[in-house]
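The values are calculated or read from the model by the stated rules, or taken from the named source; none is laboratory data. Computed from a predicted model, the values in this text were never measured in an experiment. Cβ sites come from the backbone with ideal geometry, for glycine too, and all protein chains shown count toward neighbours. Keep in mind that these areas ignore ligands, DNA and RNA; they rest on the heavy atoms of the full protein, side chains included. Shrake-Rupley method; radii C 1.70, N 1.55, O 1.52, S 1.80 Å.
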Amino acid sequence: MIDIEDIKKATNEVERKALFVAMAPDEPDAHGAVTSAKEIEKAMRNFNTHCMKANLFHLVETQEAEIVQSYTTPVDMYIGDKFITKGTWLTEWYFPETETGEMLWQEIIKGNINGISIGAKGIVEDIE
């Protein structure tokens, strides 16, 4: 079972990249909603096709952060010592050496920015 809080981000300080969990299958999100791997795959494909742009705090699209990769894991795997369930949506971000990019990068290094939001709307079904 993945503990999202433990691997919200993995950083590569030399390359100024951070890896974030966007969604994990069958795990409650910040709102308590649970999503299947199949639905996460559909959401990731839609995002990759129609968006693939950084948006700061749901307010403004920016080029001060670049989404380098966005994918779902094809198998159960480990990142470091943390177990990642098959179907987890991961995104890797790059922060350029600009004034805003540096400010964002420093906030990530300090732990003040420690996750991402897919900023999506969906239809909720109660399953009994």
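Going down the list K86/K110; K17/K82; K38/K82, which pairs span over 20 Å between their C-alpha atoms?
Working: K86/K110 29 Å; K17/K82 18 Å; K38/K82 22 Å.
Among K86/K110; K17/K82; K38/K82, the Cα-Cα distance tops 20 Å for K86/K110; K38/K82.
Going by alpha carbons, how many degrees (0 to 90, nearest 10) lie between the helix axis of 37-50 and the longest principal axis of the chain?
It works out to around 40 degrees.
Share of the chain's accessible area from carbon and sulfur, percent, 1.4 Å?
Details: 4290 of 8640 Å².
Percent of accessible area from carbon and sulfur atoms in the chain: 50.
Starting at the first residue of region 54-66, write each ³J(HN,Hα) from the Karplus equation 6.51 cos²θ - 1.76 cosθ + 1.60 with θ = phi - 60°, in whole Hz, x for Gly and Pro.
Per-residue couplings from phi come out as 6, 9, 7, 6, 6, 10, 8, 6, 8, 9, 7, 8, 10 Hz.
With +1 on each Lys and Arg Cβ and -1 on each Asp and Glu Cβ, how big is the dipole of the chain about its Cα centre, in debye rounded to the nearest 20?
Details: 12 positive and 23 negative charges, 60 e Å.
Here the size comes out at about 280 debye.
Calculate the FRET efficiency for D26 and S117 from the Cβ-Cβ distance with a Förster distance of 30 Å, rounded to the nearest 0.05.
Numbers: r = 19 Å, r/R0 = 0.64.
Efficiency, rounded to the nearest 0.05: 0.95.
How many nm separate the modelled label positions at H50 and A33, each set 7 Å beyond the Cα in the direction of the Cβ?
1.4 nm
Considering only the other residues whose Cβ falls under 10 Å of the Cβ of G87, what net charge follows from Lys and Arg at +1 and Asp and Glu at -1? Write down the numbers at each step before the final one.
Details: positive: K38, K86; negative: D26, E39, E41, D76.
Every neighbour counted, the sum reads -2.
Give, in whole angstrom and from largest to smallest, the semi-axes √(5λ) of the equivalent ellipsoid of region 13-108, with λ running over the eigenvalues of the Cα gyration tensor.
On the way: eigenvalues 121, 52, 30 Å².
Sorted largest first and rounded, they come to 25, 16, 12 Å.
Quick one: compute the contact order of the chain, relative version, from alpha carbon pairs under 8 angstrom and 6+ residues apart, as a percent. All intermediate terms of the calculation are to be shown ahead of the outcome.
Numbers: 198 pairs, mean separation 36.9, N = 128.
Relative CO of the chain lands at 29 percent.
Per-residue accessible area for T72 at 1.4 Å probe radius, Å² rounded to 10?
Roll a 1.4 Å probe over it and T72 shows about 30 Å².
Which distance in nm do the two modelled labels at E99 and H58 give, with both placed 7 Å along the Cα-to-Cβ direction?
Label at E99, label at H58, 2.8 nm between them.
Roll a 1.4 Å probe over the protein heavy atoms and report the accessible area of V75 in Å², nearest 10.
Accessible area, nearest 10 Å²: 80 Å².
Taking region 6-73, which chymotrypsin sites (Phe, Trp or Tyr not before Pro) meet the DSSP loop condition and have no more than 10 other C-beta atoms within 10 Å? Write out the running numbers ahead of the final one.
Numbers: sites: F20, F47, F57, Y71; in loops: F57.
Answer in residue order: F57.
What residues qualify as long-range amide H neighbours of A22, i.e. H under 5 Å apart, gap of 5 or more or another chain, H built at 1.01 Å from N?
The list, which skips near neighbours in sequence, is W89, L90, T91.
Near the amide H of E27, under 5 Å away, which other amide H atoms are found, from residues 5 or more places off or on another chain, if H is placed in the peptide plane?
Here the answer is T35, since their amide H atoms fall under 5 Å of that of E27.
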